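Engineer: Have a look at this one before I ask anything.
Derivation of every value follows stated rules applied to the coordinates shown; laboratory data play no part. These numbers were taken from a predicted model, which means no experiment stands behind them. As a convention, Cβ positions derive from the backbone with ideal geometry for all residues, glycine included, and neighbour counts pool all protein chains shown.
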Amino acid sequence: MKRAIFPGSFDPITLGHIDIIERALPLFDEIVIGIGVNAEKNYMWSLEDRLQQIRNCFKGHSQIKVTSFTGLTAEFCKEQGAGYILRGLRNTADFSYEQTIAQANEKVNGVDTIFLMSAPELSFISSSIVRDLARNQGDFSKIVPPSVQPPAM
Ligand code: ADP
């Protein structure tokens, strides 16, 4: 069974994330979307909301599981029996950030990271842009799935 995890904050999930997941489906038997929970971070959407938003996008997809985790991504991989981490790359900033983490995960934990390049028309999308819009009553509906509604503020 070839299983990958797709870790992230997903605060909130965007059309960019969805594109990466859909394009990775032919590569793996199963993809586990893992919401990484960091006690020191403040999120705009609650963990429950984010789980619901993502589950709603992929209901009916038996190849996709959605859960949350704390601690190291590599430990989460082990728990899930996943041999691969899936990540999206939008630009050189993403690459620079991801490079050393991926190299360390391979050396230290034997887990390889598979990168997919973002679709050019989606590479401007980030969860932080959505949060900026949400904070200022902007319309973010064109860059997120319908399950993402304005946060309770
Ligand atoms: P993190 O806090 O771990 O960066 P994110 O939820 O922001 O979590 O992102 C999770 C993954 O999705 C990362 O690999 C990120 O590069 C990728 N990603 C985010 N936005 C896009 C996008 N618009 N197109 C492709 N990949 C994306």
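Engineer: So for Met117, Met153, Met44, fewest C-beta neighbours within 10 Å to most, what's the order?
Structural biologist: Met153, Met117, Met44
Engineer: Can you give me the pair-distance distribution of the range 3-135, C-alpha pairs, 5 Å bins, whole percents?
Structural biologist: Whole-percent P(r) values from 0 Å outward: 2, 10, 20, 23, 24, 15, 5, 1, 0.
Engineer: Given Cα pairs under 8 Å that are at least 6 residues apart, what percent is the relative contact order of the chain?
Structural biologist: 33 percent
Engineer: What is the fewest-to-most order of Val108, Val32 by other Cβ atoms lying within 10 Å of their Cβ?
Structural biologist: Least to most surrounded, the residues fall as Val108, Val32.
Engineer: For the chain, take the longest principal axis of its alpha carbons; what is the angle in degrees between that and the long axis of helix 92-109, to the nearest 10 within 0 to 90?
Structural biologist: 40 degrees
Engineer: Lys and Arg at +1, Asp and Glu at -1: add these up for the other residues within a Cβ distance under 15 Å of Ser46 and post the number.
Structural biologist: +1
Engineer: Can you count the Lys pairs in the chain whose Cα atoms are under 30 Å apart, with each pair 8 or more apart or on different chains?
Structural biologist: Lysine pairs satisfying the spacing and distance rule in the chain number 15.
Engineer: Which of these, Leu47, Leu89, Leu72, has the largest mean-square fluctuation under a Gaussian network model of the chain (Cα springs below 10 Å)?
Structural biologist: Maximum fluctuation in the GNM of the chain, among the listed residues, is at Leu72.
Engineer: Here's another thing I want to ask about it. Of Arg50, Arg87, how do they rank once you tally other Cβ atoms within 10 Å and put the fewest first?
Structural biologist: Fewest-to-most Cβ neighbours within 10 Å comes out as Arg87, Arg50.
Engineer: Can you compute 3J(HN,Hα) from phi for each residue in the range 114-127, using the Karplus curve 6.51 cos²θ - 1.76 cosθ + 1.60 with θ = phi - 60°, rounded to whole Hz and x for Gly and Pro?
Structural biologist: Couplings: 9, 9, 10, 6, 5, 5, x, 6, 10, 6, 7, 7, 9, 4 Hz.
Engineer: Could you tell me the center-to-center distance, by alpha carbons, between the range 21-42 and the range 92-110 in angstrom?
Structural biologist: 16 Å
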